[in-house]
Amino acid sequence: MFPFLVLSVAAAGAVTPDQVLNPRLAGGWVVDQADVLDDDTELRLNAALSSLEQDTTVEVAVVTVDDTELTPKDFTTALFGQWGVGKAGADNGLLVVMVIGQRRLEMETGYGLEPILSDSWLGQMQAESMVPHFKNEDYGAGLVAGVEASAARLREHSLEARLGTRVSEVPEQEWPEPPDTVYGSYLPTEEILLGSTGFGAFSLFGGLFLIVRRRRRTCPDCGVPMTMLDEQADDAHLDPGQLSEERVKSVDWQVFACPTCDHTRTFRKTKLLSGYSRCPECKNRTRKTTRRTISAPSYTSSGQALVTEDCAHCSYHTSRTVTLPKKQRPSSSSSSRSSSSSSSYSSSSSSRSSSSSSSSRSSFGGGRSGGGGAGSSW
């Protein structure tokens, strides 16, 4: 059992981000200041989020408050920036905020999770899995449904979720072309014998890969090796969406044809560093997200940016204005104050508020957000 403590206090009126208790000070991920979650729900949420962080490094925080002095969206963006949800460099954080008094939910993503938890996906998931529970005032069931759905999607893209914004730093790997012998009627004996040497594990993996590769590229009707078509010839075997993916170089489609019959097989090689993601409309990997700063944030005011999504295959297009959080002034003593605050955590409300403010920048991983995400009312 992982160590955790869920904080639950009665909020008096509207709160500011500085007045929200940081759950990481007690080893948890949930702070229920609106007091709408029972113990079993808090336990389930904390367990799910701890498991997700261990498996993918993604950090998710869940917050409930009665009301805020800011709009729910501005409050969520400010709290995200104050806590730094997600790992530094990867920016793979998610902040879930419920403002009960305004009947509003906000889910804000870090830069690194925007391609996975897109605005459109989050909006649809909220409408289908969360809002129906909220309308029945079953807030715990709605939050559990939303957190578990998001966690499942992040696990489906665990490598991209772990890397976040660092995915552009990873060089693209291509499998080397195997020798001609892999298309023969047998696998060379020397490759099998290597399995008994010190390199056995590596050789076994390589041998299995070559066997599977050979079988996949052997005609099931004639039993002869198929030949890969060139880029011009394979276009006749691709649908319009696949052609669009090749045009923007997000996917390399390879078509193999049997030289004695008409049988063909198509193989997909996704290029993670292409800058394109899956379009929610046509389902092809042809969606491009661009961000343009309208007004830069300063130390005294937030900024704004225009985020646009366009599909290179269909007519899908969205645009939204997001809030850029205020710049944070560096503090050389913030780390030491965080350690001190964590070890001397007080039951006094004012003491806990001070501790949260002084250590909030270091208790999470230091992730950043550009205001991406989605919200729903009920």
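Side notes on the structure shown:
- Taking label positions 7 Å along the Cα-Cβ direction at both ALA47 and THR321, the computed distance is 4.5 nm, reported to one decimal.
- Stokes-Einstein translational diffusion, the range 11-159 - Kirkwood Rh over all Cα pairs, 1.002 mPa s, 20 °C, in µm²/s: 141 µm²/s
- Backbone N within the range 293-312 under 17 Å of label point (7 Å from LYS271 Cα along the Cβ vector): 312
- The smallest convex shape that holds all Cα atoms of the range 257-327, its convex hull, gives 107 Å³ per residue.
- Beta bridges per DSSP with both ends in the range 1-135, % antiparallel, nearest 5: 30 percent
- Sorting the segments 120-131, 74-85 by their residues' average number of neighbouring beta-carbon atoms within 10 angstrom, most packed first, yields 74-85, 120-131.
- Ordering of 226-234, 63-71, 369-377 by packing is 369-377, 63-71, 226-234, highest average first (other Cβ atoms within 10 Å, averaged per residue).
- Theoretical FRET efficiency, 1/(1+(r/R0)^6), r = Cβ-Cβ of TRP121 and THR300, R0 35 Å, to 0.05: 0.55
- Charge tally in the Cβ shell below 14 Å around ARG278, where Lys, Arg are +1 and Asp, Glu are -1, ARG278 excluded: -1
Every number here is computed from the coordinates shown, using simple stated rules; none is lab data. This one's a predicted model, so the numbers in the text were calculated from it and none came from an experiment. Note that we place each Cβ from the backbone using ideal geometry, even for glycine, and neighbour counts take in every protein chain shown.
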